[in-house]
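The values are calculated or read from the model by the stated rules, or taken from the named source; none is laboratory data. The shown structure was predicted, so the numbers you read here are calculated from the model rather than taken from an experiment. Quick reminder, even Gly has a Cβ in these numbers, built from the backbone with ideal geometry, and neighbours come from all protein chains shown.
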Amino acid sequence: QFGVVLSSGGAEDPEYDNPQTVGETLFVQVGRKGKYTGVIGFFPDDTKNRVRFELIKLTEEGFQDSPKMVEHMRLYQELLKDSALAETEPAIKHPSGAKFVGTKACGECHSKALAVWEKSDHAHAYDSLIKGRPELKARWVSRIHDPECLACHTTGWHAQDVLRYASGFESKEKTPHLLHNGCENCHGPGSRHIQLIEAGDKDAANKEIRLTLADAKKSHCVTCHDLDNDPHFNSEAFDSYWEKIKHIGRD
């Protein structure tokens, strides 16, 4: 007789401190969002290690999507659409007090930065929720009503808390100027910056939207490029990512 507790929850990344032994019971977990599965083996002749556990990462290279899970995803996205969750959930105030104005408004003064953005993947973030990656086309389910996806594929959401700011993206119909991952997701809402520029206070205006490369590398980009959504992103990879979107300030 042996005791095993298998949890379908636990940490998002269950590779750390897993499994654990509690008394004579083996406690194992496979994390969240179906990224891992676990295999338990029983070896009765091994008196020291009769029960063994292996955590298996469900990579795209090694495993195909289950048709049943694709259908579950389809039904889930339909529920999100019917509930209009992204539009109707209470919004939060941005700590700056400013409002989101949209990338085109930024481009009126920052045309060179806008040109870089328009050639980047950030400029097609919302479209990717509709189309998915080419290799997934046959079984892709649109995510345009899913707050967990909109938080990084549109402008004006708190990415980690998955909450919409009061002036942030609601829908393509209501807030088309906030489609895709725009300037303000990194630099903050631009209304106050514009007011200060128009008032001639350039120093205060620049301070309002300044984001240093060091801060971006340390803590900003990872709010969307986290382990859950971009396992290839880390501080060492930052420079190669930055080269794809490298831009200057005002023209």
Q: State whether one or more residues within the stretch 171-178 are out of contact with any strand residue (DSSP E or B) (no Cβ under 9 Å at 6 or more places or on another chain), surrounded by 15 or more Cβ atoms within 10 Å (Cβ to Cβ), among the polar types (S, T, N, Q) and assigned by TED's automatic domain parsing to the domain that holds Cys152.
A: yes
Q: Output the qualifying pairs, or none if there are none: Cβ atoms under 9 angstrom, residues six or more apart or on different chains, first residue in the stretch 159-179 and in contact (Cβ under 8 Å) with a residue 60 or more places away in the chain, second residue assigned to a loop (DSSP other than H, G, I, E, B) and loosely packed, with under 14 Cβ neighbours inside 10 Å.
A: Leu163/Glu89; Leu163/Pro90; Arg164/Glu89; Arg164/Pro90; Tyr165/Lys93; Ala166/Lys93; Ser171/Ala84
Q: Only residues that are among the hydrophobic types (A, V, I, L, M, F, W, C) and either modelled with pLDDT under 75 or surrounded by fewer than 11 Cβ atoms within 10 Å (Cβ to Cβ) (or both): list them for the stretch 1-38, please.
A: Phe2, Leu6, Ala11, Val22
**Q.** Looking only at the stretch 52-82, and only at residues there that are among the hydrophobic types (A, V, I, L, M, F, W, C) and not in a helix (DSSP H, G or I), the one that is farthest from Cys149 (Cα to Cα)
**A.** Phe53
**Q.** Qualifying residues in the stretch 128-173 (those that are part of a helix (DSSP H, G or I) and in contact with a His (Cβ under 8 Å, 6 or more places away or on another chain)) - the one nearest to Glu71 (Cα to Cα)
**A.** Leu129
Q. Got at least one residue in the stretch 232-240 being in contact with a strand residue (DSSP E or B) (Cβ under 7 Å, 6 or more places away or on another chain), free of Cβ contacts under 8 Å to residues at least 40 places away in the same chain and outside any loop (DSSP other than H, G, I, E, B)?
A. no
Q) Quick one: what pairs do we get from the stretch 116-139, first residue at pLDDT 95 or above, second loosely packed, with under 12 Cβ neighbours inside 10 Å and β-branched (Val, Ile, Thr), C-beta under 9 Å, 6+ apart or different chains? A) Val116/Ile248
Q | Qualifying positions in the stretch 1-43 - among the aromatic types (Phe, Trp, Tyr) and within 23 Å of Lys68 (Cβ to Cβ) | A | Tyr36
Q: Scan the stretch 83-117 for residues that are part of a loop (DSSP other than H, G, I, E, B), over 18 Å from Ser191 (Cβ atoms) and not aliphatic (A, V, I, L, M) and report the count.
A: 2
(Q) Any residue in the stretch 68-93 that is farther than 16 Å from Val162 by Cβ sitting within a Cβ distance under 8 Å of a residue that is surrounded by 14 or more Cβ atoms within 10 Å (Cβ to Cβ) and charged (D, E, K, R)? List the pairs, counting only those 6 or more apart or interchain. (A) Val70/Arg139
Q. Of all residues in the stretch 39-87 being among the acidic types (Asp, Glu), at pLDDT 85 or above and exposed (fewer than 10 other Cβ atoms within 10 Å of the Cβ), which is farthest from Ser142 (Cα to Cα)?
A. Asp45
Q: Determine which member of the set Ala138, Ala159, Ala125, Ala105 is small (Gly, Ala, Ser), over 20 Å from the mean Cα position of the chain (by Cα) and surrounded by 15 or more Cβ atoms within 10 Å (Cβ to Cβ).
A: Ala105
Q) Pairs under 8 Å by beta carbon, first residue part of a helix (DSSP H, G or I) in the stretch 208-229, partner surrounded by fewer than 18 Cβ atoms within 10 Å (Cβ to Cβ) and small (Gly, Ala, Ser), six or more apart or different chains? A) Glu208/Ser96; Lys217/Ser235; Lys218/Ser235
